[in-house]
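Here is the structure we will look at, set down as structure tokens.
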Amino acid sequence: MKREYDFSKGKRGPVVPPEPGKTRITILLDNEILDHFRKRVHQMGGGNYQTLINDTLREYIRGAGLEKVVRRAVREELREAGLKQAAGGR
């Protein structure tokens, strides 16, 4: 290690800029929400929980509506529990 480093040409901010169309923010979410998305990412075998939250929000605002999102979540939970969809289900 050097005794001294020269930061005179250093720049503030992230080392890797965010992708175009994305903005870095700070947001407070309930621990329950974070735990849910982190668990889902782990069950999927990896990924990024923040991306999963973003995708879920995008799906909702693009017209999926709460009912469709809840139905999808229930189907996923039933599938994970080993139960089959009821006859006549969507």
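The values are calculated or read from the model by the stated rules, or taken from the named source; none is laboratory data. Since the structure is predicted, the reported quantities are computational estimates derived from the model, not experimental observations. Note that each Cβ is placed from the backbone with ideal geometry, even for glycine, and that neighbours are counted across all protein chains shown.
Of note:
- Selection status of residue 47, small (Gly, Ala, Ser), assigned to a loop (DSSP other than H, G, I, E, B) and surrounded by 10 or more Cβ atoms within 10 Å (Cβ to Cβ): yes
- Here segment 9-43 is the region considered, the condition is being under 21 Å from residue 73 (Cβ atoms) and basic (Lys, Arg), and the residue that is farthest from the chain's Cα centre (by Cα) is 39.
- Residue in segment 64-81 that is assigned to a loop (DSSP other than H, G, I, E, B), loosely packed, with under 11 Cβ neighbours inside 10 Å, free of Cβ contacts under 8 Å to residues at least 60 places away in the same chain and not acidic (Asp, Glu) present: yes
- The condition of being aliphatic (A, V, I, L, M), surrounded by 11 or more Cβ atoms within 10 Å (Cβ to Cβ), modelled with pLDDT of 95 or more and in a helix (DSSP H, G or I) holds for residue 34.
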